[in-house]
Structure formats: structure tokens, C-alpha cells
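See below for the structure under consideration.
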Amino acid sequence: MPSVTHNQRNRVRVITQVSEEHQVEADDLIDTVEGGVVGGALLSVLKRMDEGGKFVYRAHSRPMFVEDIVREVAASLAERFRDMPDSYTLEVSSESDESIHPPHNAYARISTTYGEIRNIGREGLRV
């Protein structure tokens, strides 16, 4: 089991181009971010110890830098929304609030197109 030292709070922001022909439901965006990066729903309050233990273990079993989160979310969105035209834009940002060293939060952002993500893949995305 990973050593749990402290938790960070992370905010992911997604902006995608849409049109009448190519619409996106907000719930689909949320599901993609939560499922691909977090591995489950985000919880603001944990009511039982076993829920807290499972949630903390899951969070610490797959640690990610903000750059990794941005790449993973962008690639997951391109996979989920295969019908989006290659020219449509997508912006993903991630900010991690550092709980131990407050003035040193981490931030990463990518602004790209669905086509670029499909052509170069998640490993090739420059953040």
C-alpha cells in the first residue's frame, strides 16, 4: 500500500468547442474526468471510515502530477467524443493546492484540438 503522507486538492477545468451538430453534456465531461483520472466520483464529505479508507487508498494508489492529469483528461475526452471534428478546440487545466507548502501550488494547462490529440496520442501531448 502506498504511504499516505498528505492529500492535495486538485481542480480540473475543461473548455471544449461545441456546435449544434456536436454537443456535449456537462455530466459526460464530469464522468470522463472522474473516471479517467480520479477513478471514481468526487466526494465532499466521507461518512464512514471504510469509505474514507477506500477513497484515500484509491487516490494514493495512482499518484499523478498536474501535467499527467492534463494529458490523461485531454486524451480521455478525445476518446470519449470520437465524433468531434479534428478542428474543434479543447482546453484542459489542472491546479493542485499544496496543503503543506501553500505558496507552491502546481498548475498545468493544454490548449489543443481533438485532431492533434488523436494524431500524437497522450504521450506526445506537450503541456
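The values are calculated or read from the model by the stated rules, or taken from the named source; none is laboratory data. Model, not experiment: these values are computed from the prediction. With ideal geometry, Cβ positions are generated from the backbone for all residues, glycine too; neighbour counts draw on all protein chains shown.
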For residues that are among the small types (G, A, S) and surrounded by fewer than 16 Cβ atoms within 10 Å (Cβ to Cβ), scanning just the stretch 71-114, find the one that is nearest to T32 (Cα to Cα). S111
Selection count, the stretch 21-78, where residues are farther than 18 Å from V92 by Cα, acidic (D, E) and at pLDDT below 90: 2
Any residue in the stretch 4-25 that's under 17 Å from E67 (Cα atoms) and surrounded by 11 or more Cβ atoms within 10 Å (Cβ to Cβ): show its pairings with residues that are modelled with pLDDT of 95 or more and acidic (D, E) at Cβ separation under 6 Å, as long as the two are six or more apart or on different chains. I15/E91
